[in-house]
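The values are calculated or read from the model by the stated rules, or taken from the named source; none is laboratory data. Worth saying up front: this structure is predicted, and the values here are computed from it rather than measured. Ideal geometry is used to build each Cβ from the backbone, glycine not excepted, and the neighbour counts take in all protein chains shown. Keep in mind that these areas ignore ligands, DNA and RNA; they rest on the heavy atoms of the full protein, side chains included. Shrake-Rupley method; radii C 1.70, N 1.55, O 1.52, S 1.80 Å.
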Amino acid sequence: MDNKIIKGSLTTIILKLLEDNSRMYGYEMTRAVKERSQDKMQITEAALYPALHKLVEEGLLTTHAEMVDGRMRKYYSLTKKGKKETDAKVEALKAAIESLQNILNPGLSHG
């Protein structure tokens, strides 16, 4: 799958994963995307971490560090603002996908 399409949806994907799981760490997010997409989508850590940092700066995510197996692990969670933004971004992405489907498969939209 084209990484540019994924990159454009990355913020929404991250927010939705956190809405569904309450808190996750970075590697867990990359695994979840791979599993949910049945290996059709992959998020690289190089794309993920800058997006996570930006969402923290925007006040949409909060972080919590925890020691796990002798290593510090950083968990991300939605803030109240992040929860509201998730709903808006998911709806916008669904509308965009629906529009694309209508363009790519015009015969199906008139059924």
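Rolling a 1.4 Å probe over the protein heavy atoms gives the chain an accessible area of 69 Å² per residue.
Return the carbon/sulfur percentage of the accessible area of the chain, one whole number, probe 1.4 Å, all protein chains in place.
52 percent
When only Cα pairs under 8 Å and 6 or more residues apart are kept, what is the percent relative contact order across region 1-80?
Once normalised by length, the contact order is 32 percent.
Amide H contacts under 5 Å for MET24: TYR76, restricted to partners 5 or more places along the chain or on a different chain, H placed in the peptide plane at 1.01 Å from N. The accessible-area ordering, largest first, of the residues ILE97, ILE43, ILE103 stands as ILE103, ILE97, ILE43, per a 1.4 angstrom probe. ASP39 contributes an accessible area of around 100 Å² to the protein surface, as traced by a 1.4 Å probe with all chains present. Per residue of the chain, what 222 nm ellipticity follows from adding -39500 (n - 2.57) for every DSSP H run with n ≥ 4, rounded to the nearest 500? Per the formula, -20500 deg cm²/dmol. Overall, the chain carries a charge dipole of about 140 debye about its Cα centre when +1 sits on the Cβ of Lys and Arg and -1 on the Cβ of Asp and Glu, all other atoms neutral.
What is the sum of charges, Lys and Arg at +1 and Asp and Glu at -1, for the other residues whose Cβ falls under 13 Å from the Cβ of GLU28?
+2
The 3J(HN,Hα) values that the Karplus relation (6.51, -1.76, 1.60; θ = phi - 60°) gives for region 27-39 are, in residue order, 4, 4, 5, 4, 5, 5, 5, 4, 5, 5, 8, 6, 6 Hz. Gly and Pro appear as x.
Across the alpha-carbon set of the chain, the Rg to Rh ratio works out to 1.04, Rh being the Kirkwood radius. In order along region 80-95, the phi-based Karplus estimate (6.51 cos²θ - 1.76 cosθ + 1.60, θ = phi - 60°) of 3J(HN,Hα) comes to 4, 4, x, 5, 5, 5, 4, 4, 5, 5, 5, 5, 5, 5, 4, 5 Hz; Gly and Pro are listed as x. With a simple spin-label model that places each label point 7 Å from the Cα along the Cα-to-Cβ direction, the separation between GLU45 and THR63 comes to 1.4 nm.
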